[in-house]
1. Using 7 Å Cα-to-Cβ label points, what is the residue 116/residue 85 separation (nm, one decimal)?
2. Report the local net charge at residue 163: Lys and Arg +1, Asp and Glu -1, summed over other residues whose C-beta lies under 12 Å from its C-beta.
3. Can you compute 3J(HN,Hα) from phi for each residue in segment 121-136, using the Karplus curve 6.51 cos²θ - 1.76 cosθ + 1.60 with θ = phi - 60°, rounded to whole Hz and x for Gly and Pro?
4. Given charges of +1 on the Cβ of Lys and Arg and -1 on the Cβ of Asp and Glu, with all other atoms neutral, how large is the dipole of segment 83-156 about its Cα centre, in debye to the nearest 20?
5. If each residue of separation counts as 0.36 nm, what is the full-extension length gain between residue 148 and residue 50 once their alpha-carbon separation is subtracted?
6. Leaving out ligands, DNA and RNA, and with a 1.4 Å probe, what % of the accessible surface on segment 39-183 is carbon or sulfur?
7. How large are Rg and Dmax for segment 40-119 when only the alpha carbon atoms are used, in Å?
8. Mind listing P(r) for segment 79-186? All alpha-carbon pairs, 10 Å bins, whole percents.
Amino acid sequence: MCPKNLHRHCRQWLLGLIALLVIVCNTASADPPAPEILIQQAHLHSLAGERLVSLPSVLNPEDFTEQGSYVQYQLFVKLDTLPQHPLALYVPKLSLAGSVSINGKYLEACAVGPIEQLRCLHRPYLFVVPADFWRVGNNSIRFDIYATPRQMNGLSSVTLGEPAALYEHQYRWEYWLRVDLLMGLA
């Protein structure tokens, strides 16, 4: 066999092995993944007052100052049992910039630095929340969003679920389309 054919056969064998490993890893999980919870409503606290909004939500100019200011989206989710492992929040879009807190505990911001100077547009986010942030019953998820009049501001719907499942089925593909592909084309 010539080296060119050997290379092709090795590559096919390796791809087959990888496919087999993916199948085995996906079927070997002992516990079925927890169902995902799509959150499509929030209480918006802004300069225009408090109101119930549907997610995705776009802010109005009267919701924030001309120089830029914060608004809060408060989402609620009920858990019947405490999670044994971290859960994740998948957020397709938040703009202009923001941070998330669970039950009053600060989790993280969309990037590193002062939120007023961040630009977290045009990309999805996957926030992994430690199990001890949650409680049985009602849980509060708060997004503090910094908004300015230079672009559209708001928050998309939010999905709560298993980190690996959300990463694999939603976050990874959306990140590839909206970040990696665009950077590659540029």
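The values are calculated or read from the model by the stated rules, or taken from the named source; none is laboratory data. Everything numeric in this text was worked out from a predicted model, so none of it was measured. Backbone-built Cβ (ideal geometry, glycine too); neighbour counts: all protein chains shown. The area values use the complete protein model at the heavy-atom level, side chains included, leaving out ligands, DNA and RNA. Shrake-Rupley method; radii C 1.70, N 1.55, O 1.52, S 1.80 Å.
1. The two pseudo-label positions are separated by 4.1 nm.
2. -2
3. So the J values, rounded to whole Hz, are 7, 6, 7, x, 9, 10, 9, 8, 10, x, 4, 6, 7, 8, 9, 5.
4. My answer is approximately 180 debye.
5. The residue 148-residue 50 span can extend by a further 33.4 nm.
6. 55 percent
7. Calculated on Cα positions, Rg and Dmax stand at 14.1, 44 Å.
8. 14, 43, 33, 9, 1
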